[in-house]
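The values are calculated or read from the model by the stated rules, or taken from the named source; none is laboratory data. What you see is a predicted model, and the numbers here were worked out from it, not measured in a lab. With ideal geometry, Cβ positions are generated from the backbone for all residues, glycine too; neighbour counts draw on all protein chains shown.
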């Protein structure tokens, strides 16, 4: 006997979050979540029911819902994700807010802006930034995005195409491909640099069951989670000297790293102005760096 959406959701909600169950069944039916909510009486075929229960079992095993459906909403946009990319988090949307604000200010002052996203993953930060600017009919900056993972860049390119934004994706470690290919020229008068690099420690990764299925290389870093940011700060110093540009940088951190990251910035960028901004939960989350 065929079961309805209501019946399957009722069974699944005992084991997992209701929203996750709705997203999974919507994926199985190839429908929007709104359809699932609006049609609880809709009958599910045996094959669909089997697929749904199979995915529910994976969710119970802490596989992220985004990996089960292949999609994740970020900044009101739908992004393709897979096991090669980090699942976009709501906290990271703050970087997009600040990037948009800076780009709009630069355009208003007739500055030639360039946006660089380092460790782009699914491409969510630059894509959401450019898509929003286009929505408000604001000129978009020349944009580059780098990642050390070729499979991640492949997904990011698909997302950029889906959202009709123009981004030059480069394979390599942090800013290395920017220097190697000499993409930054003296035609740029203002650079906005964004980065959500791995910042967890090995211990933090092991203690959090919900992230075990995400790419470890996109989550953890040596030196108490700060190794990659230290590399980036050294590169920013070189970028500033080589092109006589003073990029405004926004990075995401663990709230407990506030003091450590500040000392690291002061060590490599002693003249930088540093401001730590809080997320919606009141935790230190985004660091603004102006050389």
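Considering only region 215-228, I want to know if a residue exists there that is assigned to a loop (DSSP other than H, G, I, E, B), over 18 Å from residue 246 (Cβ atoms) and within 15 Å of the chain's Cα centre (by Cα).
Yes; the residues of region 215-228 include at least one that is assigned to a loop (DSSP other than H, G, I, E, B), over 18 Å from residue 246 (Cβ atoms) and within 15 Å of the chain's Cα centre (by Cα).
For region 108-124, indicate whether the set of residues that are in a helix (DSSP H, G or I), touching a residue at least 60 places away in the same chain (Cβ under 8 Å) and buried (at least 16 other Cβ atoms within 10 Å of the Cβ) is non-empty.
no
Just one of (1) surrounded by fewer than 19 Cβ atoms within 10 Å (Cβ to Cβ); (2) under 17 Å from residue 114 (Cα atoms); (3) in contact with a helix residue (DSSP H, G or I) (Cβ under 6 Å, 6 or more places away or on another chain) trips up residue 290, so point out which.
(3)
Hey, can you tell me all the residues within region 269-280 that are under 19 Å from residue 254 (Cβ atoms) and touching a helix residue (DSSP H, G or I) at 6+ places or on another chain (Cβ under 9 Å)? Walk me through how you get there before you give the answer.
Taking region 269-280 and keeping what is under 19 Å from residue 254 (Cβ atoms), we get 274-280.
Hits for region 269-280 are 274, 276, 277, 278, 279, 280.
Any idea how many residues of region 125-151 are crowded, with 23+ Cβ neighbours inside 10 Å and under 12 Å from residue 163 (Cβ atoms)?
Here the count works out to 5.
Would you mind stating whether residue 278 is modelled with pLDDT of 95 or more, exposed (fewer than 15 other Cβ atoms within 10 Å of the Cβ) and within 19 Å of the chain's Cα centre (by Cα)?
The answer is yes for residue 278.
Quickly run through region 30-64 and pick out the residues that are crowded, with 19+ Cβ neighbours inside 10 Å and in contact with a helix residue (DSSP H, G or I) (Cβ under 7 Å, 6 or more places away or on another chain). Don't jump to the end; show me each part of the working.
If we filter region 30-64 for residues that are crowded, with 19+ Cβ neighbours inside 10 Å, which is where we start, we get 36, 44, 52, 55-56, 59, 64.
The answer is 36, 44, 52, 55, 56, 59.
Is one or more of the residues making up region 35-47 over 23 Å from the mean Cα position of the chain (by Cα), closer than 25 Å to residue 154 by Cα and assigned to a loop (DSSP other than H, G, I, E, B)?
no
Which one of these is touching a residue at least 60 places away in the same chain (Cβ under 8 Å), assigned to a helix (DSSP H, G or I) and closer than 26 Å to residue 143 by Cα: 178, 184, 192?
It is 178.
Results for (1) out of contact with any strand residue (DSSP E or B) (no Cβ under 8 Å at 6 or more places or on another chain); (2) farther than 28 Å from residue 149 by Cα, shown as yes or no for each residue.
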site: 46; (1), (2): yes, yes
site: 53; (1), (2): yes, yes
site: 84; (1), (2): yes, no
site: 95; (1), (2): no, no
site: 100; (1), (2): yes, no
site: 107; (1), (2): no, yes
site: 122; (1), (2): no, no
site: 125; (1), (2): no, no
site: 130; (1), (2): no, no
